[in-house]
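Novice: Okay, here's the structure, questions in a sec.
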Amino acid sequence: MTKKPTLAVVGATGAVGAVMLQILSQHADIWGEIRLVASPRSAGRKLAVRGEEVEVLALGEDVFDGVDVAMFDVPDEVSEQWAPVAASKGVVVVDNSAAFRMDPDVPLVVPEVNPHAARVRPRGIVANPNCTTLSMIVAVGALHAEFGLRELIVSSYQAVSGAGRDGVDTLRRQMQLVAGSELGTSPGDVRRAVGDDTGPFPEPVALNVVPWAGTLRDDGWSSEEMKVRDESRKILGLPDLKIAATCVRVPVVTTHSLTVHARFEDEVTVDRAREILATAPGVVLFDNPAAGEFPTPADVVGTDPTWVGRVRRALDDPTALELFVCGDNLRKGAALNTVQIAELVAGEFTS
Ligand SMILES: NC(=O)c1ccc[n+]([C@@H]2O[C@H](COP(=O)([O-])OP(=O)(O)OC[C@H]3O[C@@H](n4cnc5c(N)ncnc54)[C@H](OP(=O)(O)O)[C@@H]3O)[C@@H](O)[C@H]2O)c1
């Protein structure tokens with residue numbers, strides 16, 4: 001019998017890492033040893049995976065000995081330093097950070113959209129897209145395959161866990177500061193109540209929305225908006241796709257939502273779009289205007305698919321569709337897609 005491949009999870013103690021361990025415990029058990037790795041701060045901690053307690057190792061060259069595939073869920077600079085080290089030891093790295101996504105020698109993969117890309121990896125690294133792009137791209141990719149995409153205009157409603165554990169802790173602290181109060185009725189009152197405690201966000205996120213995510217560039221676009229643009233183009237293989245994104249942070253713990261205006265080559269019908277979305281792998285069409293039933297983050301959180309509702313044809317353009325999509329940013333938006341890529345790669349070791 002072929003030996004099952006050995007997997008390392010680097011960043012096992014983080015927000016994405018925790019979800020990854022849950023998913024590994026739920027999916028078919030295709031792995032031999034699963035090694036858990038984090039910073040020296042976490043060395044010796046025990047975490048549960050596949051029903052067993054596994055000790056966390058401190059990141060270092062030795063942890064990659066005998067490893068076939070490593071999933072990296074660590075900050076960009078840690079991936080930048082350590083993914084090439086792992087790759088130089090023959091490990092196939094599936095990286096969740098932004099460090100390699102736009103490297104022409106690193107494929108950017110969504111298994112439902114461009115699985116073939118994972119096979120060509122000159123640097124031994126496969127990149128996982130950012131969570132905002134991932135929360136919509138499976139649905140958009142399915143429509144593109146039939147209709148041919150020309151333009152995308154999206155607005156995101158991004159959950160605080162997209163900024164890691166710190167984002168979630170910040171929202172929870174702020175919610176305690178504003179709970180049961182009359183705040184939100186006069187300019188600046190929420191900001192005064194929260195004070196400097198804005199965590200990874202530039203403004204209070206409790207009782208508020210923050211009209212940019214990531215860092216702002218000189219031309220006014222944010223890093224998150226550029227990621228949506230650049231990564232969607234790369235995944236879909238459409239380098240000239242017209243795309244504009246406005247990324248907004250909202251007081252939701254987990255699950256990103258987006259409104260999508262998608263323009264295609266020719267006229268589209270809602271009926272055909274619904275048929276495509278209803279049968280696309282990884283997509284759930286949940287669109288019942290008569291009953292007022294559509295996806296919301298509060299219902300979608302903890303689930304795997306991309307949920308789509310509010311499917312309409314644009315009133316002024318018969319070639320365009322309007323959609324509302326929700327995806328759990330820690331599952332499909334991060335951990336699940338990474339696991340799916342790692343499973344694709346693992347197939348090469350066992351086939
Ligand atoms: N959150 C999301 O929705 C999301 C979505 C897509 C992609 N991502 C990306 O996934 C990565 C992880 O994000 P996250 O949200 O899980 O962050 P997080 O909750 O802050 O966790 C960070 C993880 O990295 C580890 N780490 C930090 N510095 C390290 C070092 N010097 N050496 C080894 N390990 C180190 C931490 O270990 P300790 O616990 O020991 O500090 C922890 O396991 C980031 O690149 C992020 O951009 C996140």
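Novice: Met175 label point, 7 Å along Cα→Cβ, cut-off 14 Å on backbone N: hits in the range 248-272?
Specialist: Correct set: 250-255.
Novice: On to the next question. Could you work out the helix-only [θ] at 222 nm for the chain, with each DSSP H run of four or more residues adding -39,500 (n - 2.57) and the total divided by the number of residues, to the nearest 500 deg cm²/dmol?
Specialist: -9500 deg cm²/dmol
Novice: Follow-up. Would you kindly calculate the translational diffusion coefficient of the range 290-351, applying Stokes-Einstein with the Kirkwood radius from alpha carbon pairs, for 10 °C and a viscosity of 1.306 mPa s, and quote it in µm² s⁻¹ without decimals?
Specialist: The Stokes-Einstein estimate is 113 µm²/s.
Novice: Quick one: how many Å² of Glu267 are accessible to a 1.4 Å probe, rounded to 10?
Specialist: Near enough 130 Å² of accessible area.
Novice: Can you give me the long-range amide H partners of Val94? Hydrogens built in the peptide plane at 1.01 Å from N, cutoff under 5 Å, separation of 5 or more residues or another chain.
Specialist: The answer is Ala70, Met71, Phe72, Val126.
Novice: Follow-up question, since we're still on this one. Over the range 133-329, what is the mean sequence separation of C-alpha contacts under 8 Å (at least six apart), divided by residue count, expressed as relative contact order in percent?
Specialist: Reported as a whole number, the value is 30 percent.
Novice: Still on this model: Give a residue-ordered list of calculated ³J(HN,Hα) values for the range 203-208 (Karplus: 6.51 cos²θ - 1.76 cosθ + 1.60, θ = phi - 60°; whole Hz; x for Gly, Pro).
Specialist: Using θ = phi - 60°, the values come out as 9, x, 10, 5, 6, 8 Hz.
Novice: When we measure straight from the Cα of Lys89, which lysines land under 24 angstrom away, once same-chain ones fewer than 8 places off are left out?
Specialist: The reachable lysines, counting only those whose Cα sits under 24 Å from Lys89, are Lys3, Lys4.
Novice: How large are Rg and Dmax for the chain when calculated on the C-alpha trace, in angstrom?
Specialist: Reported Rg and Dmax, both Å: 20.6, 69.
Novice: Could you name the lysines in cross-link range of Lys227, using Cα to Cα under 24 Å and dropping any fewer than eight places away on the same chain?
Specialist: Correct list for Lys227: Lys242, Lys332.
Novice: Give the relative contact order (percent, whole number) for the chain; include only Cα pairs under 8 Å separated by 6+ residues.
Specialist: 20
Novice: Radius of gyration and Dmax for the range 161-266's Cα atoms, expressed in Å?
Specialist: When restricted to the Cα atoms of the range 161-266, Rg and Dmax are 16.7, 52 Å.
Novice: Carbon and sulfur: what percent of the chain's accessible surface (1.4 Å probe)?
Specialist: Carbon with sulfur: 51 percent of the solvent-accessible area.
Novice: Would you mind telling me the antiparallel percentage of the DSSP bridges in the chain, rounded to 5?
Specialist: 50
Novice: Across the range 133-329, how large is the tail of the calculated P(r) beyond 24 Å, expressed as a percent of all Cα pairs?
Specialist: Percent of Cα pairs beyond 24 Å in the range 133-329: 44.
Novice: Full extension from Ser39 to Lys242: what is 0.36 nm times the residue separation minus their Cα-Cα distance, to one decimal in nm?
Specialist: 69.1 nm
Novice: How large is the charge dipole for the chain, taken about the Cα centre, if only the Cβ atoms of Lys, Arg (+1) and Asp, Glu (-1) carry charge, to the nearest 20 debye?
Specialist: 280
Novice: Express as a percent, rounded to the nearest 5, the fraction of DSSP beta bridges in the range 133-329 (both residues included) that run antiparallel.
Specialist: 70
Novice: Please list His116, His27 from largest to smallest accessible area, probe radius 1.4 Å, with all protein chains kept in place.
Specialist: The ordering from most to least exposed comes out as His116, His27.
Novice: For the range 1-128, what is the percent of antiparallel DSSP beta bridges, rounded to the nearest 5?
Specialist: Beta bridges within the range 1-128, antiparallel portion: roughly 15 percent.
Novice: For the modelled label position 7 Å from the Cα of Glu52 along Cα-to-Cβ, which residues of the range 11-27 have backbone nitrogen atoms closer than 18 Å?
Specialist: 12, 21-27
The values are calculated or read from the model by the stated rules, or taken from the named source; none is laboratory data. Quantities reported herein were computed from a predicted structural model and do not represent experimental measurements. Using ideal geometry, Cβ is built from the backbone for each residue, glycine included, and neighbour counts are taken over all protein chains shown. SASA here: full protein model, heavy atoms, side chains in, ligands and nucleic acids out. Shrake-Rupley method; radii C 1.70, N 1.55, O 1.52, S 1.80 Å.
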